[in-house]
Each structure stands twice: as C-alpha cells, then as structure tokens.
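Structure record follows, encoded as structure tokens.
The values are calculated or read from the model by the stated rules, or taken from the named source; none is laboratory data. As the structure is a computational prediction, the values presented were derived from the model and not from experiment. Cβ: placed from backbone, ideal geometry, glycine included. Neighbour counts: every protein chain shown.
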Amino acid sequence: VTMEDCLGRTASLEELHHEVESLFLREFGCKPDSVVYAPGRVNIIGEHTDYNDGFVLPMALPLVTMMAGKRIEGNVVNVVTGGKDVTTRLTPGSPKDICVSFPVPDPKQERREGAQRIPDVEWANYVKGVLVNYKRLCGAFNAAIVSTVPLGGGLSSSAALEVATYTLLEQLFPIDHPVTPVEKALACQEAEHVYANVPCGIMDQFVSVMATENHLLCIDCESMRVTQVPFQNPHVVVLITNSNVRHNLGSSEYPVRRQQCEAASKAMGKRSLRLCTLEDLEAAGIEDETIKRRAHHVISENARVQQAIESLKTTDYYRLGALMNESHASLREDFAVSCPEIDLLVDIAQRQPGVYGSRITGGGFGGCTVTLVKRSHVDDLMKAIYDGYASPERRPTFYVCNASGGAAVFNTGT
C-alpha cells in the first residue's frame, strides 16, 4: 500500500452529475428530471453534547450524496445505486449496480402498523423512511444515487442520503407551503430513528440541510437555533483521517453513555447537562466516579464550543487547536470513547509542525480524526501519519476539506 492509495476520493459536482446521469440512463433508459445533492459532515468540536441539549460545531464536507430522479406512472419506487470506482457503493463489496423496488408507502398505514422495513438492503430504508416523513403524499418515481461520502466512517453518510432524498422529493413532488429547514432536518432525523433504528441527535441532518460555504454551523441542540460561524482562510485546512477501524463497542456503549449523562443531570436536579456547571458537579457530591467523569466531559465540552466560536471571531487558530486537543483528552479520559488506533493518529498529528490541533470526531471507538493544519504542511502531515500508522493490517484514508455548503439542486451551467 502506498501513500497515494490512502487519499480518499473526492469528486467534483460535475463529475458526480455526469456519473449519476449515466447511471440513471443506463437503468431507466431516459434522462432524469432533477438532480440534487446533500453533504456529509465532520464535527470540529462539541462531541457527545448533542443528546445532552448542548452545542456542536460541525462543517459540511465536499463529500456528497447525489440523487437523480423522475416521476413515473404507477405506484412503485425504483432506486438504483452503483457507478464507477469514483464513488463509495452503498452496498459494500458489490461490483454491479443494485436496483431496489418497493411500493410507494402509505404513511398512515406505516404509522398505524409500524414501520415496514425493506429486508436485506439497509440503505433503502433511509430512502423509504424519508418518503413516509415527507410533508405530502408522494407518487411513483425512479431514482439513481452516487456518493463520495464513505460508509461507516462517521462522516454521516446516512444523513446525506436522507437529506438528498428529501431534497429530490421537493423537486419531484413540490409542496404548496415549503417546509422550513428545521422541519426538513427533523423529518430526516425521524426517518433515521424509525427506519434505521438509530437514536441520533439533530446535528447530522441540520448541518446537511443548513450549512453554508466557508462557515461552520453552531447548533444549539436545545433551542434548535443555528448560527453561521465564518471559517475561511486559504492557508488553513481541515484534514480528516479515517482510521478504517470500527470497534463493535460503539453500538453497545452509546446507550450506556446516554444513561450515564442522564443519571448525572438527575443527581444535580437539572433537566439536562446543558444546564449544569462544573460547580454544580462538585456540589452534587456524586459518589460514582464514572458518572462524575462523564458529566465533566459534557459540561467542559459545551464550554469549549463557546470558546471555539470566540477564537474563530479573532481567527485565533492556535486557541481553536488547543481546544480541539483538550476535547480529545476529555473524550479519551473522562468519556472513554477513544481507542488505541485513534489515539495513535491524534498523537502523531499533534506532534507535527503546522498542526494547530487534532481530535477524535464522531461517536467514537474508531472512525475518524479531525485535524486543523496549515495548508503548507498538510502533505507532510499525511506522510507522517501514513508512516506511523499504516501496516499490512490497516491503512488510513485522508480527506483534505474546506467548509462546504448544504443540500441543493444541481443546475447544469451554474
């Protein structure tokens, strides 16, 4: 494996458009009426704060899921995914195009009788879930999907697919009174809760819908208010490093962390950890050291998000980087969601010249790190990580990213 093999695939919107249109044509024999896309995301700081009603500071990525669609007669939805090697296939390990067909769902029936999931094709449930939660009844349609958001790497491939689906429906089945961005994001979140059984917070869908180019999106997960935070400097980039490691602990430990956080806020007599201070934590005299440490992470992390926003106002990247480093230490020690591979990636990055800060991002137990680095040093940084991390058993994947915009309709010639 060479260093070049570790560069993650990004593709321009034009390339993806060409690809999704050819896929549609190949499968359905005509051109689509509409093409839309929605981005994945990386969280710069504010980890495990979302389900505690706290603050998060993600950015949308230039990695997107693109969908092409056209209304048809009848009552069947046909969705094809595939494409060349430029994209991540939604069905890993499958070389050819995969087409899934299912009847147009009846939302009333699905709510009355419970979600009728599509067996064997996990990704199709995200599409179906969004149809059920769309603001009006949909008819039959054909759709094709290509994506550069890697699967299962913690960059929110699921929210990108949900939001792309909703955006396509808005084109194919327009709503008289368009939904607000918040309503759209919440409908997609509901689809994930019910059709994928994932009790996610609101961050992923919010940023995929509402991000704007050259800005981070600060989301207050209690009030659901969003603030655009300018983040644009030609000399500074975000490097995402996928460890390509997934520990199964993630799925079992996530609910445990949620329970521990709830136990802590209850012990302090507050509705959520969002409302607690470190003084409250000391005064509460919580005897269970683990619960105390979990709460300490969330309370201090919320404060770090606020400080990160302040540091961006003065473009103090050294301060922002230091906060990212503190966040990682807190996630590793107090929240215990890191793992040896991630700690190694962060450790290598934090020691390189030109690096402001580095941390684990996403739910934990594998996945990705996010590093703030001078553009002039990013190649050396990738080489250092490659040299220190790659082995016959594992290799990193790198994505060099700028803050990108949210979901949109792709218009040729714009």
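So which residues in segment 325-348 are among the polar types (S, T, N, Q) and more than 13 Å from GLY364 (Cβ to Cβ), if there are any at all? Once the filter is applied, which keeps residues that are among the polar types (S, T, N, Q) and more than 13 Å from GLY364 (Cβ to Cβ), segment 325-348 yields only ASN325. Would you check if ARG41 is at pLDDT 95 or above and under 22 Å from VAL198 (Cα atoms)? So ARG41 passes the test. The residues in segment 190-214 that are surrounded by fewer than 21 Cβ atoms within 10 Å (Cβ to Cβ) and out of contact with any helix residue (DSSP H, G or I) (no Cβ under 8 Å at 6 or more places or on another chain) can be counted, and the count is 5.
Of the set (1) farther than 12 Å from ASN142 by Cα; (2) exposed (fewer than 15 other Cβ atoms within 10 Å of the Cβ); (3) more than 22 Å from the chain's Cα centre (by Cα), all apply to CYS30 but (1).
Within segment 18-44, being in a helix (DSSP H, G or I) and farther than 28 Å from VAL400 by Cα holds for PHE24, LEU25, ARG26, GLU27, PHE28. For segment 378-389, what are the residues that are over 22 Å from LEU216 (Cα atoms) and touching a residue at least 24 places away in the same chain (Cβ under 8 Å)? Correct list: ASP380, LEU381, MET382, LYS383, ALA384, ILE385, TYR386, GLY388, TYR389.
Residues checked against (1) over 27 Å from ALA308 (Cβ atoms); (2) in the same structural domain as ALA349 (by TED's automatic domain parsing); (3) among the polar types (S, T, N, Q); (4) in contact with a strand residue (DSSP E or B) (Cβ under 6 Å, 6 or more places away or on another chain):
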site	(1), (2), (3), (4)
ARG225	no, no, no, no
ASN242	no, yes, yes, yes
VAL245	no, yes, no, yes
ASN248	yes, yes, yes, no
SER272	no, yes, yes, no
CYS276	no, yes, no, no
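Listed conditions (1) part of a helix (DSSP H, G or I); (2) closer than 30 Å to THR397 by Cα are all met by GLN171, apart from (2). Quickly run through segment 33-83 and pick out the residues that are among the β-branched types (Val, Ile, Thr) and over 27 Å from the mean Cα position of the chain (by Cα). If the condition is that a residue be among the β-branched types (Val, Ile, Thr) and over 27 Å from the mean Cα position of the chain (by Cα), then ILE72, VAL76 are the ones that fit. Scanning segment 144-162 for residues that are over 9 Å from the mean Cα position of the chain (by Cα) and at positive phi turns up just one, GLY152. Contact map, segment 132-144: first residue hydroxyl-bearing (Ser, Thr, Tyr), second residue crowded, with 22+ Cβ neighbours inside 10 Å, Cβ cut-off under 6 Å, separation 6 or more or different chains; pairs are TYR134/LEU169. Taken over segment 33-53, the residue count meeting the criterion of being among the small types (Gly, Ala, Ser), farther than 18 Å from GLY364 by Cα and surrounded by 24 or more Cβ atoms within 10 Å (Cβ to Cβ) is 1. Is it the case, given these coordinates, that ALA308 is at pLDDT 95 or above, small (Gly, Ala, Ser) and buried (at least 21 other Cβ atoms within 10 Å of the Cβ)? Yes: the conditions hold for ALA308.
Of everything listed in (1) farther than 26 Å from GLN232 by Cα; (2) touching a helix residue (DSSP H, G or I) at 6+ places or on another chain (Cβ under 8 Å); (3) part of a helix (DSSP H, G or I), the single unmet condition for ALA283 is (2). Yes or no: PHE410 in contact (Cβ under 8 Å) with a residue 12 or more places away in the chain, aromatic (Phe, Trp, Tyr) and surrounded by fewer than 22 Cβ atoms within 10 Å (Cβ to Cβ)? So PHE410 passes the test. Each residue in segment 305-355 was checked for being among the hydroxyl-bearing types (Ser, Thr, Tyr) and under 28 Å from ALA295 (Cβ atoms), and 4 pass.
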